[in-house]
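Visitor: Once you've had a glance at the structure underneath, I'll fire off some questions.
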Amino acid sequence: MQAKKTKSGDRREQILKTAARLFRKMGYSATTMRLIAADAGMEASSLYNHISSKQEILDELLFSIADLFMAGMKEAQKLEEDPFRKLEHLVDLHVKITLKWPDRIALITGDWMHLEEPRLKEYISLRSDYESRFRQIISEGMEDGILENIDLDIALFSILSSLHWLYSWSGKHQVRDEESLRKEMKQCLLNGLKKQVPIHQK
């Protein structure tokens with residue numbers, strides 16, 4: 001049986017959630033520890049009992065999301081499915097994480113650049129590794145004749161850029177049915193990439 005979170009753990013999670021929302025709204029640079037404390041309903045001095053710095057907050061927010069994406073990527077790569085099905089799995093992954101953690105996802109479009117070394121280099125390496133694995137799945141689909149043989153970088157950019165900015169769209173539209181959103185995202189992002197079978201071969 002999983003142990004319940006301690007009050008300290010609950011408080012830390014509240015701080016992270018508050019900081020992510022403020023970072024998204026105001027930007028990392030304009031958000032101070034005092035603002036985070038006030039929005040979380042606590043004194044600034046008490047904040048430091050749970051978090052040592054704003055940089056620690058940014059680090060935890062970004063790497064927690066990066067870890068989720070990498071775990072999902074590795075799961076997709078292990079699937080005994082064709083590359084197109086693996087891409088569908090990855091679209092589902094992005095939708096699921098974005099709807100659950102929209103404020104944290106917003107950080108990956110820009111505020112990640114505020115990470116300090118050596119963590120910045122580690123984060124960039126994680127992003128590059130994820131994109132490389134994504135590119136490899138697309139490449140395998142093209143080699144197998146499942147996907148259209150188009151420019152690989154354009155295909156990757158088109159899919160990832162749309163998925164990265166899903167948080168912005170979902171923030172302006174109430175998502176009532178996650179499954180329908182997943183289906184429509186896959187249809188919009190992947191069906192144009194899938195190689196069409198000539199009618200006489202069906």
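The values are calculated or read from the model by the stated rules, or taken from the named source; none is laboratory data. Keep in mind that what you see is a predicted model, and the values were worked out from it rather than measured. Counting neighbours? That spans all protein chains shown, and the Cβs are built from the backbone with ideal geometry, glycine included.
Visitor: Mind listing just one residue for me: the one in region 140-151 that is part of a helix (DSSP H, G or I) and touching a helix residue (DSSP H, G or I) at 6+ places or on another chain (Cβ under 6 Å) and, of those, farthest from GLY192 (Cα to Cα)?
Guide: So the residue we want is GLU140.
Visitor: If you scan region 74-89, which residues turn out to be without any contact (Cβ under 8 Å) to a residue 12 or more places away in the chain and not in a helix (DSSP H, G or I)?
Guide: If the condition is that a residue be without any contact (Cβ under 8 Å) to a residue 12 or more places away in the chain and not in a helix (DSSP H, G or I), then LEU79, GLU80, GLU81 are the ones that fit.
Matching residues to (1) in contact (Cβ under 8 Å) with a residue 60 or more places away in the chain; (2) more than 22 Å from GLU75 (Cα to Cα); (3) of a type outside the set (S, T, N, Q):
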position	(1), (2), (3)
LEU93	no, no, yes
ILE105	yes, no, yes
ILE108	no, no, yes
ILE138	no, no, yes
GLY141	no, no, yes
GLN174	no, yes, no
GLU179	no, no, yes
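Visitor: So, one more: Inspect all residues belonging to region 71-85 and state whether any of them is under 26 Å from THR18 (Cα atoms) and surrounded by fewer than 16 Cβ atoms within 10 Å (Cβ to Cβ).
Guide: yes
Visitor: In addition: Here is a check on your reading of the model: is ARG133 in a helix (DSSP H, G or I) and in the same structural domain as ASP92 (by TED's automatic domain parsing)?
Guide: Numbers: in a helix (DSSP H, G or I): yes; in the same structural domain as ASP92 (by TED's automatic domain parsing): yes.
In short, yes.
Visitor: Right, here's the next one. If ASP92 passes every condition in (1) over 21 Å from ASP177 (Cα atoms); (2) part of a helix (DSSP H, G or I); (3) charged (D, E, K, R) but one, which one does it miss?
Guide: Unmet condition: (1).
Visitor: A further question follows. How many residues, within region 150-177, are within 16 Å of LEU90 (Cβ to Cβ), surrounded by fewer than 15 Cβ atoms within 10 Å (Cβ to Cβ) and not aromatic (Phe, Trp, Tyr)?
Guide: So the answer is 2.
Visitor: Further question on the same structure: Would you point out the residue of region 23-59, among those that are under 16 Å from TRP112 (Cβ atoms) and hydroxyl-bearing (Ser, Thr, Tyr), that is surrounded by the fewest Cβ atoms within 10 Å (Cβ to Cβ)?
Guide: Restricting to residues being under 16 Å from TRP112 (Cβ atoms) and hydroxyl-bearing (Ser, Thr, Tyr), the top hit is SER29.
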